[in-house]
1. Would you confirm, using the coordinates I've provided, whether Lys184 is more than 18 Å from the chain's Cα centre (by Cα), modelled with pLDDT of 95 or more and closer than 24 Å to Val381 by Cα?
2. In this structure, is Asp210 open to solvent by 20 Å² or more (accessible area, probe 1.4 Å), assigned to a helix (DSSP H, G or I) and free of Cβ contacts under 8 Å to residues at least 24 places away in the same chain?
3. Among the candidates Pro315, Pro356, Pro369, single out the residue that is more than 30 Å from Lys184 (Cα to Cα) and either open to solvent by 30 Å² or more (accessible area, probe 1.4 Å) or free of Cβ contacts under 8 Å to residues at least 24 places away in the same chain (or both).
4. Considering Leu379, Leu432, Leu384, which residue is farther than 30 Å from Asp135 by Cβ and either modelled with pLDDT of 95 or more or over 15 Å from the mean Cα position of the chain (by Cα) (or both)?
5. Taking region 234-249 as the region of interest, how many residues are open to solvent by 50 Å² or more (accessible area, probe 1.4 Å) and not in a helix (DSSP H, G or I)?
6. Please specify each residue of region 405-427 satisfying the condition of being within 17 Å of Phe393 (Cβ to Cβ), in a strand (DSSP E or B) and open to solvent by 10 Å² or more (accessible area, probe 1.4 Å).
7. Of the residues that sit in region 294-305 and are open to solvent by less than 10 Å² (accessible area, probe 1.4 Å) and either polar (S, T, N, Q) or under 26 Å from Glu440 (Cβ atoms) (or both), which one is nearest to the chain's Cα centre (by Cα)?
8. Only one residue in His320, His291 is out of contact with any helix residue (DSSP H, G or I) (no Cβ under 7 Å at 6 or more places or on another chain), crowded, with 20+ Cβ neighbours inside 10 Å and not charged (D, E, K, R), so which one is that?
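The values are calculated or read from the model by the stated rules, or taken from the named source; none is laboratory data. Not measured: the values here are computed from a predicted model. Here the Cβ is made from the backbone with ideal geometry for all residues, glycine too, and neighbour counts use every protein chain on show. To get the accessible areas, we keep the full protein, side chains included, count just its heavy atoms, and leave off ligands, DNA and RNA. Shrake-Rupley method; radii C 1.70, N 1.55, O 1.52, S 1.80 Å.
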Amino acid sequence: MLTCITEGILCCLTGKAASFVLPVESSKPSHGFEFVEVKPGRVLRVRHIIPECQPIVTEEQVEGKEKTDGDSDDGSFCKDFNKESNTGSSVHCKRKITVYRHGKLVIENLGDVLHSEILQCQDGDLEPCSTVEVDLVDYKEMPSSPDPNPAPPPVLPPLGEQKPAPPPRCCRRKPKRTFVINSKRVISSCKGTHSDVALFFVHGVGGSLDIWSSQLDFFSKLGYEVIAPDLAGHGGSTAPQIAAAYTFYALAEDLRAIFKRYARKRNILIGHSYGVSFCTFLAHEYPDLVHKVVMINGGGPTALEPSLCSIFQLPSCILHCLSPCLAWSFLKAGFAHQGAKEKQLLKQGNAFNVSPFVLRAMMSGQYWPEGDEVYHAELTVPILLVHGMCDKFVPMDEDQHMAEILLFAFLKVIEEGSHMVMMECPDTVNTLLHEFFLWEPDMSRKDSRKADREKTVALSDSLHTMKTTKPVD
């Protein structure tokens, strides 16, 4: 503690913030890690694990996966590469999104409905053709000032003379924007033996790829190809000393470069906290490549905007002095229990071990106005929402609101978990994620309902024919 205060005083005197800059110029693998230069002088550390039994898929093979067997020397591989992903269930994704001028968002689900008996999720089954109406956050009206001359309240008649209230009028204003989504999506089971499947793990503010150590080891042993990068200024990535390097758009472009470098035909994105926003961005930008998404304690579907009244708006030198208190606060709020085990997990995961400058720039750079409810409602990819019941950073209501907005969303609540649920309950999270990866929608219900509907129509037609042909006495 005394050392931190001394360094903070020197920071105030020199006018420079202490930072843990780890410049890595090499792009060669080192101890299972790769260092990718996404921009000149901007290097990210990436954990990339390829199972030995799985063939290495290069970018040229991914780009030429639609070619015939005779187009290249690896035609047999491309044939198997396509064959594995052809199976699956075709789902009709259709919904109408209407935004009204007074701030009302109406979502009409007109397509198929997915069920999740395997996952046993809460709020997993939605009624077919259901309609969701929500108030946009940006259109919330401020309470007006009280009227200096208020009108007296009306005198109510006696109970016996009261007339029933008329039904409320449905006042529907002219829509401001209308979006119609009508497409087909094939959802299939993603196994570790499939060479066209890749898992991407994205951490949040103050974390690193080390927080996914249990998940990386678990799924790599099952045969999955896993990719986990360190965000700029975190873990082993370089830390530029400019605040513009840590905006949402700058970090999103970094992850875009990582995704384009390692992407396969069917990619699954797993994000935690702030990393959920980047997974949403990639799923919206690459709907054909992103097969499934997992959001762990990601919050509601609202646009990002930095808070002006936050402790992270203080100067970096003051944040450096407060770093022990901030680490203790994160331990108390991020874990359900604050024992020696949790402290060791926090140390092993290299979480909340960033410089005050990076922490301040990350919190100030969370500006993403496009990521509102409409942006999330346009996603057609199946999404698993994982929420820790003891999470003090993300309320339960936000994840429930996210499940209402998304088209295909399954919510799972882990009672014994908190914000860092993947570190607290690794076995539970790994099992849940694996079941979601293997999950494939059962469209037999749709076929049975369609057959029953056709039988009903045929029966009604036959009865109508019998009535019309019956002789009159």
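1. Working: more than 18 Å from the chain's Cα centre (by Cα): yes; modelled with pLDDT of 95 or more: no; closer than 24 Å to Val381 by Cα: yes.
No: the conditions fail for Lys184.
2. no
3. Among Pro315, Pro356, Pro369, only Pro315 is more than 30 Å from Lys184 (Cα to Cα) and either open to solvent by 30 Å² or more (accessible area, probe 1.4 Å) or free of Cβ contacts under 8 Å to residues at least 24 places away in the same chain (or both).
4. Sole residue among the options that is farther than 30 Å from Asp135 by Cβ and either modelled with pLDDT of 95 or more or over 15 Å from the mean Cα position of the chain (by Cα) (or both): Leu432.
5. Going residue by residue through region 234-249, those that are open to solvent by 50 Å² or more (accessible area, probe 1.4 Å) are 241-244, 249.
Those still in the list that are not in a helix (DSSP H, G or I) too: 241-242.
Looking only at that region, the number is 2.
6. Val413
7. Quick first cut of region 294-305, residues open to solvent by less than 10 Å² (accessible area, probe 1.4 Å) only: 294-297, 299, 301.
With the extra rule that they be either polar (S, T, N, Q) or under 26 Å from Glu440 (Cβ atoms) (or both), the set shrinks to 294-297, 301.
On the way: Val294: 6, Met295: 4, Ile296: 7, Asn297: 9, Pro301: 9 Å.
Filtering region 294-305 for residues that are open to solvent by less than 10 Å² (accessible area, probe 1.4 Å) and either polar (S, T, N, Q) or under 26 Å from Glu440 (Cβ atoms) (or both), the one nearest to the chain's Cα centre (by Cα) comes out as Met295.
8. His291
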